[in-house]
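Here, each number is a calculation from the coordinates, and none is a lab measurement. Here the structure is a predicted model, which means the values were calculated and not measured. Here the Cβ positions follow ideal geometry from the backbone for every residue, glycine too, while neighbour counts run over all protein chains shown.
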Amino acid sequence: MADTSENSFSHNAASRLAGGQSIQEAGFHVGSLSDPTSDLEIFSKEVLNALISDNLPPTPNNFSLYFDRILEDKSESLRRQIGSILELEDNNEDEQNIEMEKTLKQGFSSVKSILQLSATLYKNMALMEKILEKRKDELKNIPSLNEAQHVLSSLTGDVSKLSGILSKQVTHMKDLYGETATIVKQVENETIFDNQYGVYNKRYLLNKLAQEANLIEEFHHKSSLVMVQLSNDTLSLINSEKAKGLMVRTVARLLLKTSRRSDIVAHYGEGIFAMLLKHTDTDNAKRAAERLYELVSSSNFFLGDQEIQLKIAIGLSELNPSRSTEEVLVGTLDAMYASNDEKESHYVVCND
């Protein structure tokens, strides 16, 4: 690749753009840039021109969104080339937070196990004390074992003292356990990741939907919401909850596979997933729904000797700032449920 030091934005200029300055205020004009020499530079200039044409500020977030959207229509070789470059510099803050949350939860799980083990040790010591008392009573009936009784009495005293110490420690451990449980609950309430399915959770989705509605109201672009779950026909073939869980996880994995870097994939609850498609109108959302349906339908699931072709129900709607987040979700969910009865299309569009 050719040297890009003279053909790309300088770090300071890019920082000024991210700070809210216009391209002209940052000290250059698109038309004055030297001709790009690499495929990536040519593509990047195309993305920047598209942003300016749509009258959107060239912030890092907007550039990333348009970057992904326009890249979808490029050749496979160019997508692979640019994808390999992105993998080298990928530094997603949300992904780092996810890893932190995983580690934190594992740490709390270990603490919980230690406390449970300590409680078990205490129960065992209490049981030992009862056994010693029983044996002591038995020895009282044997006069010739006075000396043994004396030794056993001393041992009983030691065990009793140890039991008292352990009792105080366990009380303290219970207090610590209560504090730890409170912390764990707080962390769970602040998490953005669903560990079961490997995607974002409902809390994160709701925040992003509200945020995107504000952005749409400000910049007048279009974004869409897609909601997905296993179809009723597919669910009717499954009697095992374990098998159902495996199928739902398969759908989550395929959602991640078909999504763009800028898309938000989240578990809404009860096996229902949502995809927030930023800067995507209804027509492009339909295309995404078709791709997803074909990808899932091409995946077969083996349940014993039975081979099941996975089918999904899909509902989609275009975000509208005049509707609340709850209204958007309800409308899209209703469309998803209705798609179970749709025979001519693989999805239903909410037009409310």
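Things worth noting here:
- Most simply put, region 231-352 has about 75% antiparallel DSSP beta bridges, counting only bridges with both residues inside it.
- In region 40-78, GluC sites (Glu not before Pro) in a DSSP loop with at most 14 other beta-carbon atoms within 10 Å: 72
- Placing unit charges on the Cβ atoms of the charged side chains and taking the dipole of region 199-350 about its Cα centre, the candidate lying farthest along the positive direction among 329, 303, 224 is 303.
- Of 244/286; 105/222; 45/202, pairs whose Cα-Cα distance is over 30 Å: 105/222; 45/202
- In region 204-315, the alpha-carbon atoms span a convex hull of 92 Å³ per residue.
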